[in-house]
Amino acid sequence: MTVPSALNVGSAETVYASTTRGRNPDGTFNADRGERVQYHKMTVSIPPNRTPGTLEFSYANPNPEKQFVLANTTDLSGPRELANQLRGEDDVSIFVHGYNSTHTETAFRAAQLAHDLDIPGSVLIYSWPSQARGAGYAYDLDSMLFARDGLEKTIRDLKSIGVKRVVLVAHSMGGALSMEMMRQAELRSPGWSRRNLDGVFLISPDLDLDVFRSQMDSIKTPPDPFVVMVSQKDKILNISARIRGTPGTERLGNISTIEALADYPIEVIDATAFNSDAESSHFVAATSPALLSLLSSARRVGNTLGNRRRGVDYLIPGGRRNPSGATGVVLSEPGQAQVTSQ
């Protein structure tokens, strides 16, 4: 439901959207695979007096005192109208959701992250056609591959309308989508990823390690910073491994060592220690109040999006860069980190 009056209670957060989903007659987005990229703008009402990391919502009769509410939505005709909306904006962060996500839920999650982390600039979700149900894993896997072209087009559109800095933030299967998109762009135009992206953050990526290494070998010079956030207690990734017939193996998002990634100029943040207060073991970065507080107050996420100091050395206290190979940061308790390098 769209409830404009919710803004009388909650605070407003603007979320732009690029989507390859199909559309229902009433204008809402579904799990069908659309023929083109569509843009629109949403205003989300964030309830007052909530704990950072919490996200409550209802698809019917939402309560703006306690829940995220969609207050307004406006279709945009294309990149030119999006440019008018973003006029004077230098920074855009693209949030790519994972499996089992609806369009509206993705907007709420992006609004929550933008609000809790005080992300500068504008936030845009790339909403690909997830079936949004637990049994839809296989469908979502195919949809993820289908959605590669739309994500690449979204980034190209943003750069063409004058956005200076684009940062890609991807969760779970969205990390696989982002890597596949960068790989295909690199095969056509080497160096594309670094030229067009000012940072990549993969959160709990649902991605096979061998596949990730193959993708990185194709990308060669990844964007900087390139950060992978993992948790060894990620239950969803354990289920993903079993679905694939490889129980007991690690996915990229729950690795226990960075040895397999030693040759790549990336940074791996192990957030396992923050699993205890997180609502979701598969999205610790968004649902752990302690980790959100660390990221927000100790090292403002906004500063990592600039061109001065970047990556783990600025995002995490105690972090440091190792440009010749992978850097691993193990968060042991709020405000402290152990750093290991390969």
Fill in: So A110, is it modelled with pLDDT of 95 or more, outside any loop (DSSP other than H, G, I, E, B) and open to solvent by less than 20 Å² (accessible area, probe 1.4 Å)
yes
Worksheet item: Hey, any hits in the range 90-104 for a residue that's within 23 Å of M182 (Cβ to Cβ), open to solvent by less than 60 Å² (accessible area, probe 1.4 Å), of a type in the set (D, E, K, R) and more than 18 Å from the chain's Cα centre (by Cα)?
Response: yes
Worksheet item: Which pairs have Cβ atoms under 6 Å, sit 6 or more apart or on different chains, and link a residue in the range 235-259 that is hydrophobic (A, V, I, L, M, F, W, C) to one that is not in a loop (DSSP other than H, G, I, E, B)?
Response: L237/G253; L237/N254; L252/L209; L252/F212; I255/V230; I258/V268; I258/G328
Response to the item:
So, first residue under 17 Å from V329 (Cα atoms) and charged (D, E, K, R) in the range 276-303, second residue at pLDDT 85 or above and in a helix (DSSP H, G or I), Cβ within less than 6 Å, six or more apart or across chains; the pairs are none
Worksheet item: Quick one: is N49 under 30 Å from M179 (Cβ atoms), without any contact (Cβ under 8 Å) to a residue 60 or more places away in the chain and of a type in the set (S, T, N, Q)?
Response: no
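May I ask you to list the residues in the range 1-57 that are among the acidic types (D, E) and surrounded by 12 or more Cβ atoms within 10 Å (Cβ to Cβ)?
Answer for the range 1-57, where residues must be among the acidic types (D, E) and surrounded by 12 or more Cβ atoms within 10 Å (Cβ to Cβ): E13, D32, E56.
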Discussion item. Take the residues in the range 142-160 that are crowded, with 18+ Cβ neighbours inside 10 Å and among the aliphatic types (A, V, I, L, M); name whichever of them is nearest to G191 (Cα to Cα).
Written reply: I155
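The values are calculated or read from the model by the stated rules, or taken from the named source; none is laboratory data. In this text, all values refer to a predicted model and were calculated from it rather than measured experimentally. Glycine gets a Cβ as well: all are built from the backbone with ideal geometry, and neighbour counts include every protein chain shown. With ligands, DNA and RNA removed, areas are computed over all heavy atoms of the protein, side chains included. Shrake-Rupley method; radii C 1.70, N 1.55, O 1.52, S 1.80 Å.
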